[in-house]
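Visitor: So that we are looking at the same thing, I have put the structure below in structure tokens.
The values are calculated or read from the model by the stated rules, or taken from the named source; none is laboratory data. What you see is a predicted model, and the numbers here were worked out from it, not measured in a lab. Don't worry about glycine lacking a Cβ; one is built from the backbone with ideal geometry, like all the others, and counts go over all protein chains shown.
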Amino acid sequence: MSDAPDLNVSRETLERLKTYEALLRKWTPRINLVARSTLPDLWRRHFVDSVQIADLAPQEVNHWADLGSGAGFPGLVIAIMALETGTPNRVTLVESDARKCAFLRTVIRETGARATVINDRIENIPPLGADVLSARALADLTTLLGFVEQHMKPDGTAIFPKGETWQKEVEAAQTAWTFAAQLAKSKTETGPVILTITGVARV
């Protein structure tokens, strides 16, 4: 088990995250939750990466929805941290793969995180009305903004980590959508960024 970096969280929160890590290492060989190449650097590549997304969110959040949750990054990390910080009040994890949903529910049970798992396709579920919407390595920005329109409150905030081709994605999305985007460089990798997006509307 790799050493956890200083995430600036309480000992209780760190213990919950270590429980999550142990379950992730146990389940990954069976259902391919994360790329095996990232396992030696699990904390930086997945946990620290999720914490930096949480740091960009508004101070007080009622409902956070994480789309295409997969192994639970960043949604499950945010739900675990919320036990300490009190925000967000609730987290919804949307994942279409039933086996990954079983993993997410196991982590929720073992850590006591306040999160709900929806096992369905994003486009099939009723509007979530989320204050914050996140999605990590799920789809291109144009597709994601369609999900924003469906599942986020009009005054909400979307937070999307993006790879090195983020500029092309933004330019492509601007042909169909208007939005304001703030840029933060990733703390865990050189090249990728995190887009914080508000004011989404169709052109």
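Visitor: Hey, does segment 5-21 have a residue that's of a type in the set (A, V, I, L, M, F, W, C), crowded, with 18+ Cβ neighbours inside 10 Å, in a loop (DSSP other than H, G, I, E, B) and at pLDDT 95 or above?
Guide: no
Visitor: If I filter segment 47-59 for residues that are farther than 30 Å from D155 by Cα, aromatic (F, W, Y) and part of a helix (DSSP H, G or I), do I get at least one hit? It would help to see each step written out before you state the result.
Guide: Our first condition is that a residue be farther than 30 Å from D155 by Cα; within segment 47-59, this holds for none.
Checked segment 47-59: no residue is farther than 30 Å from D155 by Cα, aromatic (F, W, Y) and part of a helix (DSSP H, G or I).
Visitor: Let me ask something else. Go through segment 76-118 and give me each residue that's over 16 Å from N32 (Cα atoms), touching a helix residue (DSSP H, G or I) at 6+ places or on another chain (Cβ under 8 Å), without any contact (Cβ under 8 Å) to a residue 60 or more places away in the chain and assigned to a helix (DSSP H, G or I).
Guide: L76, I78, A79, I108
Visitor: Look at segment 9-26 and say how many of its residues are under 17 Å from S37 (Cα atoms) and without any contact (Cβ under 8 Å) to a residue 24 or more places away in the chain.
Guide: 2
Visitor: Could I ask something else about it? Can you confirm whether segment 145-167 contains a residue that is surrounded by 15 or more Cβ atoms within 10 Å (Cβ to Cβ), of a type in the set (S, T, N, Q) and without any contact (Cβ under 8 Å) to a residue 40 or more places away in the chain?
Guide: As a first pass, look at segment 145-167 and keep what is surrounded by 15 or more Cβ atoms within 10 Å (Cβ to Cβ): 145-148, 150-153, 156-162, 166.
Imposing the further condition that a residue be of a type in the set (S, T, N, Q) reduces the set to 150, 157.
With without any contact (Cβ under 8 Å) to a residue 40 or more places away in the chain added as a condition, the list becomes 150.
The answer is yes, given that some residue of segment 145-167 is surrounded by 15 or more Cβ atoms within 10 Å (Cβ to Cβ), of a type in the set (S, T, N, Q) and without any contact (Cβ under 8 Å) to a residue 40 or more places away in the chain.
Visitor: Are any residues in segment 168-192 in a strand (DSSP E or B), surrounded by 12 or more Cβ atoms within 10 Å (Cβ to Cβ), touching a Ser or Thr at 6+ places or on another chain (Cβ under 6 Å) and aliphatic (A, V, I, L, M), and if so, which ones?
Guide: None - no residue of segment 168-192 is in a strand (DSSP E or B), surrounded by 12 or more Cβ atoms within 10 Å (Cβ to Cβ), touching a Ser or Thr at 6+ places or on another chain (Cβ under 6 Å) and aliphatic (A, V, I, L, M), so the list stays empty.
Visitor: Where the second residue is assigned to a loop (DSSP other than H, G, I, E, B) and of a type in the set (V, I, T) and the first is under 12 Å from I78 (Cα atoms) and lies in segment 48-61, which pairs have Cβ atoms under 6 Å and are six or more apart or on separate chains?
Guide: Correct list of pairs: V48/T188; D49/T188; V61/T87.
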